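Each remark here refers to the structure printed beneath this line.
The values are calculated or read from the model by the stated rules, or taken from the named source; none is laboratory data. Since the structure is predicted, the reported quantities are computational estimates derived from the model, not experimental observations. Don't worry about glycine lacking a Cβ; one is built from the backbone with ideal geometry, like all the others, and counts go over all protein chains shown. Ligands, DNA and RNA are excluded from the accessible area calculation, which covers all protein heavy atoms including side chains. Shrake-Rupley method; radii C 1.70, N 1.55, O 1.52, S 1.80 Å.
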Amino acid sequence: MDSKPVETVDVVVIGAGFSGLYAIHRLRGEHSVVCFEAGDGVGGTWYWNRYPGARVDIQSVEYSYGFDEDLQQEWSWPEYFSAQPDLERYANHVADRFGLRDAIRLSNPVQRLRFDADTNHWHVHTGRGDHVVCRYVVAATGALSIPNVPAWPGRDRFPGKILHTTEWPREGIDFSGQRVGFIGTGSTGIQAMPIIAEQADHLTVFQRTPAYCMPSGNRPLDAAYEAEWKADYTPRRQRILQTWGVSTIEYPSYSALDCTPEQREEILEKGWQSKSAFQLLVAFTDVQTDRAANEIVCEFVRNKIRSIVHDPVVAERLCPTTYPIGGKRLCIGNGYYEMYNRDNVTLVDVRSVPIVEFTENGLRTAEAEYPLDVIVTATGFDALTGSMMRIDIEGLGGVKLADKWAEGPTTYLGAMVAGFPNLFMIHGPMTPGAQAQMITTGEWQVNWTAGVIADMARDGYTRIDTTPDAEAWWADEVNAVSMATVHRFADSWYNARNIEGKKGGFMIYVGGFPRYTALSNGAVQDGYKGFVRS
Ligand code: NA7
């Protein structure tokens, strides 16, 4: 029984990350809005991920909001690629500047959603006993918010700390004199490890799959560059939506296969030195679509690793060979490969000799025990579906979302799920997600959702749903475009193969943001094709 009185609002927003904050701002001009947030502060990803070295991998001048001209003119980023404290500060600034805090209830996670088909309202129940009845729910729950921690036995026996990077203590951790074990060599691990290695007595890296990593070229933001952006923001924001989400890289018109070896080397070296993260992925037109073109870039990076890392055995162990570059998100680092030249860093291959258990001394693989004081897991996330599946969501006919998605997510445009009316997802499964720049594209999805909600009132409807046929059509589209890229050749959170036993197939839309927006707008303009309104 809820002890608090039942409240009624128009819209409940779940999550006060960057998309959730904008959703509050965008919707509350015309609607009453309440936002529930699990954390005790705003910022979502940039609230939770406070591990050492946490930093955005897209330039801050573009990884920022574009909805308010004054905001983008007045805000200054100290570096090209901002660190977590600056991003969290920005989220708080936006919450204050636009007066969003009175709509946000912190430390109050949504636990249950139930749709009342008689009234076309959602009943929202939270961890703090709130019960809100609303017409629409906008779930901005985050694509990467539920940590994946492999279930090795013996966790209770290990006397030291075991930390996941997304649950980092606000006060930080002093690694001085510590023997640190680090599991996970994705984007997160690559950012955190070089900093931890500088403090720790010893760092043992447990690597299952080596990563392709290119240097970020981070540096203090140049005033002239900032001014150039500020003088030209509107077209630049539009360009972000017209590319695959990063406008600060150059998109060439030549294939790798049409260049001579010398030309390729020159282009790739320029890309590596470009200080524009991700440039290697678009060094040629076909890096993301042609295995032979892709392999040219892979070998370039392997040779970089061989030239940076002194110990040839360690260098070879760090060379990715089993998947194409860009098949998983390219890692953007600051001194990652160089770190392996330190005397206090050891690399252990846990692909051939897997981790078996935590022990009273540290971590045991199938071959050896490693004595440790602290273990850090940067083992990724139950991505895309995890945050929705953990909420008890009951749609039409008592169907639970977790049951409907037991074999993998089904959505229409990544925005709605058939049988769960009036529930919109931002950056949900089968949207472009991290394949585009998430603040700008999150704004776009919120605007699209706000338009759909406005049309409901205009057209006199109270329920919008989608259909299994529309979901099947979208699944075909998501799969078809994924077949055109190299993503299918890598195991990653894009295709649910980062977690053993997770089902779902391809969960990211890699057809490009321009095509995604055209299809989403087209559905609306085509009389809400694929939707059912009543
Ligand atoms: P990622 O990219 O999913 O990386 C997780 C890492 O953890 C990766 O190296 C995994 O190896 C490793 N991992 C996961 N499970 C295990 C087990 N059981 N044993 C050993 N190693 C394991 O997560 P990140 O947090 O780094 O980055 C997520 C996104 O944040 C990133 O894509 C950017 O968009 C920002 P694997 O490669 O699966 O073999």
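Data overview
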quantity: Rg ratio (alpha-carbon, reference 2.2 N^0.38 Å) - region 1-101; calculated: 1.19
quantity: Relative contact order of region 1-143, pairs being alpha-carbon contacts under 8 Å that are 6 or more residues apart, as %; calculated: 37
quantity: Computed E for D392/K275 - FRET, C-beta separation, R0 51 angstrom, nearest 0.05; calculated: 0.65
quantity: Where region 289-419 is the region considered: accessible area per residue in Å², 1.4 Å probe; calculated: 39
quantity: Contact order normalised by residue count of the chain, Cα under 8 Å, 6+ apart, percent; calculated: 19
quantity: Region 448-534, accessible area per residue, ligands and nucleic acids excluded (1.4 Å, Å²); calculated: 44
quantity: Partners for K275 among aspartates and glutamates (Cα-Cα distance below 14 Å; same-chain residues under 8 apart left out); calculated: D57, E79, D222, E250
quantity: Kirkwood-based Rg to Rh ratio, the chain, C-alpha trace; calculated: 0.96
quantity: Å² of accessible area per residue within region 105-212, as computed with a 1.4 Å probe and no ligands counted; calculated: 40
quantity: Gyration tensor verdict on region 409-504 (Cα atoms; rounded if a/c is under 1.5, prolate if a/b is larger than b/c, oblate otherwise); calculated: prolate
quantity: Accessible surface of region 21-160 [probe 1.4 Å, protein heavy atoms]: carbon and sulfur percent; calculated: 46
quantity: Long-range HN-HN contacts of I104 with modeled amide H, under 5 Å; calculated: C35
quantity: Entries in K328/K404; K270/K304; K404/K503 that, when Cα-Cα distance is taken, lie over 18 Å; calculated: K328/K404
quantity: Value of [θ]222 nm, deg cm²/dmol, for the chain, DSSP H segments ≥ 4, -39500 (n - 2.57) each, nearest 500; calculated: -9000 deg cm²/dmol
quantity: Net charge, C134 excluded, C-beta distance under 10 Å - Lys, Arg +1, Asp, Glu -1; calculated: -1
quantity: Accessible surface of region 274-429 [probe 1.4 Å, protein heavy atoms]: carbon and sulfur percent; calculated: 50
quantity: Accessible area of region 480-534 belonging to carbon and sulfur atoms, whole % at 1.4 Å probe; calculated: 52
quantity: Antiparallel DSSP beta bridges within the chain, percent to nearest 5; calculated: 40
quantity: Loop GluC sites (Glu not before Pro), region 445-508 (other Cβ atoms within 10 Å of the site Cβ: 14 or fewer; DSSP); calculated: E500
quantity: The chain: DSSP helices with Cα axial extent of at least 30 Å and average Kyte-Doolittle hydropathy no lower than -1.0; calculated: 438-459
quantity: Protection proxy ranking, peptides 366-373, 459-466, 257-264, average beta carbon neighbours within 10 Å, highest first; calculated: 459-466, 366-373, 257-264
quantity: Separation of alpha-carbon centers, region 109-166 and region 326-385, rounded to whole Å; calculated: 27
quantity: Modelled FRET efficiency - R0 30 Å, E265 with K503, Cβ distances, 0.05 increments; calculated: 0.10
quantity: For region 406-453: relative contact order, % (alpha-carbon pairs under 8 angstrom, 6 or more apart); calculated: 27
quantity: For region 183-246 versus region 438-501, the gap between their alpha-carbon centres in whole angstrom; calculated: 26
quantity: Cysteines without a disulfide-compatible neighbour (Cβ-Cβ under 4.7 Å), the chain; calculated: C35, C134, C259, C298, C319
